[in-house]
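Following: one structure in structure tokens, then a few remarks.
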């Protein structure tokens with residue numbers, strides 16, 4: 001069964017799923033045809049314990065929990081703290097029954113460029129791989145994934161494409177250290193969405209969906225068929241979660257229409 005999720009609100013707190021309380025949001029989300037939720041800014045202040053209680057009382061699964069940053073900070077102690085924060089985030093994700101935690105290692109470089117012949121990118125990659133090797137046993141023991149997120153060139157100067165994330169995951173060699181395919185970022189960075197997915201299938205662990213302009217699928221001009229067809233060919237059975245704003249006044253109808261569209265395309269490809 002195709003599993004769809006969505007953020008409940010955008011990063012600035014703008015609601016995505018209608019509802020005044022988290023309980024109402026979860027109930028509405030199920031009626032729109034979704035099975036999972038990622039918590040945005042609107043309900044984060046409830047705390048993870050309260051979020052967990054609300055989700056556990058519903059038919060919706062919490063997709064992502066935890067966090068932690070600073071893995072590629074300039075200061076070595078800050079990097080160590082970042083590793084420990086990621087570990088704690090994974091333990092939280094396991095406690096709440098989530099798929100795992102998402103991590104963006106760095107957006108803009110903080111470390112000074114090393115001396116040739118090693119580049120700054122190579123140095124960051126080397127450090128990240130060693131950190132992830134330390135984190136991997138925790139992810140494996142807890143039965144959750146740490147999911148690296150490639151971002152497009154306007155948001156990150158480090159990992160931007162699936163093959164770059166795959167290289168890191170393959171070097172770590174853990175089934176619980178994976179990366180995500182985000183259709184919005186891929187639309188900017190990948191030559192062919194389908195080929196990029198198939199070439200890196202072994203460590204693909206999560207999917208984000210958004211249309212060409214970062215609104216809901218079906219409201220822009222992105223062709224989702226090649227990417228969905230590739231996911232279907234590789235046997236992907238994880239969540240596909242909307243990470244986007246909602247265009248239109250009736251957000252409930254827009255969410256339901258997007259879910260119906262993705263399911264229709266999935267059946268067709």
Quick one: angle between helix 76-95 and the longest Cα principal axis of the chain, in degrees between 0 and 90, rounded to 10, please. 30
Roughly how many Å is it from the Cα centre of the range 91-140 to that of the range 193-245, as a whole number? 23
Which label in (1) 42, 28, 15; (2) 24, 23, 19; (3) 30, 22, 17 gives the computed semi-axes √(5λ) of the Cα gyration tensor in Å: (3)
Can you give the convex hull volume per residue for the Cα atoms of the range 135-237, as a whole number of Å³? 103
R0 of 51 Å, Cβ-Cβ distance residue 269-residue 77: FRET efficiency to nearest 0.05: 0.60
Per the helix-only model, the chain has a calculated mean residue ellipticity at 222 nm (DSSP H runs of ≥4, -39500 (n - 2.57) each, divided over all residues, rounded to the nearest 500) of -13500 deg cm²/dmol
Assuming 0.36 nm per residue, please report the length gained on full extension of the stretch residue 253 to residue 20 beyond their Cα-Cα distance. 82.2 nm
To check my understanding: the extent here is largest minus smallest coordinate of the Cα atoms along each principal axis. What are those three numbers for the range 1-110, in Å, largest first? 47, 29, 27
Relative packing of 110-122, 54-66, 212-224, which averages over residues the other C-beta atoms within 10 Å, highest first: 54-66, 212-224, 110-122
Determine, from the Cβ-Cβ distance of residue 170 and residue 233 and an R0 of 35 Å, the FRET efficiency 1/(1 + (r/R0)^6), rounded to the nearest 0.05. 0.95
Kindly state, to the nearest 0.05, the FRET efficiency for residue 112 paired with residue 46, given R0 = 35 Å and r defined as their beta-carbon distance. 0.30
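Here, each number is a calculation from the coordinates, and none is a lab measurement. If you're wondering where the values come from, they're calculated on a predicted model, not measured in any experiment. Note that each Cβ is placed from the backbone with ideal geometry, even for glycine, and that neighbours are counted across all protein chains shown.
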